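Here the structure is laid out as structure tokens; the discussion comes afterwards.
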């Protein structure tokens with residue numbers, strides 16, 4: 001039982017680290033599109049993205065999906081993390 005618990009905690013830490021890396025990559029891209037951002041939530045597990053003048057904002061999560069990872073955002077938005085530049089462009093249009 002203890003061995004399973006240890007593996008579970010280590011795996012959880014690994015997932016959190018990968019999630020933060022994907023969110024940081026998206027943060028870099030949205031900033032290049034003139035948007036502001038900040039990591040928020042428990043363990044900085046969410047990316048808050050604000051439009052110009054901070055009139056509008058939305059939250060993005062990175063989550064394991066099938067064999068890889070996906071970004072999810074309100075309104076049914078979903079894309080593979082490999083498409084980070086496209087995701088930033090889509091978020092910029094949503095927040096314009």
Practice problem: Measure nothing fancy, just the Cα-based angle from helix 2-32's long axis to the longest principal axis of the chain, in degrees from 0 to 90, nearest 10. | Solution: 10 degrees
Quiz item: Going by how many other Cβ atoms sit within 10 Å of their own, how do 65, 36 line up, fewest first?
Solution: 65, 36
Quiz prompt | Value of relative contact order over the chain, rounded to a whole percent, pairs C-alpha under 8 Å and six or more apart | solution = 23 percent
Quiz item: How large is log10 I(q)/I(0) at q = 0.23 Å⁻¹ when the Debye formula is applied to the Cα atoms of region 2-95, each weighted equally and without solvent?
Solution: -1.14
Quiz item: By how many degrees, between 0 and 90 and to the nearest 10, does the Cα long axis of helix 84-95 differ from the longest principal axis of the chain?
Solution: 50 degrees
Quiz item: What do the square roots of 5 times the Cα gyration tensor eigenvalues come to for region 41-96, in whole Å, largest first, as semi-axes of the equivalent ellipsoid?
Solution: 20, 14, 8
Quiz item: How many nm separate the modelled label positions at residue 39 and residue 16, each set 7 Å beyond the Cα in the direction of the Cβ?
Solution: 1.1 nm
Quiz item: Add -39500 (n - 2.57) for each DSSP H run of 4 or more in the chain, then divide by its residues: what number comes out at 222 nm, to the nearest 500 deg cm²/dmol?
Solution: -15500 deg cm²/dmol
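Bear in mind these aren't lab numbers, they're just calculated from the coordinates by the rules spelled out. For clarity, every value in this text was computed on a predicted model and none was experimentally measured. Note that each Cβ is placed from the backbone with ideal geometry, even for glycine, and that neighbours are counted across all protein chains shown.
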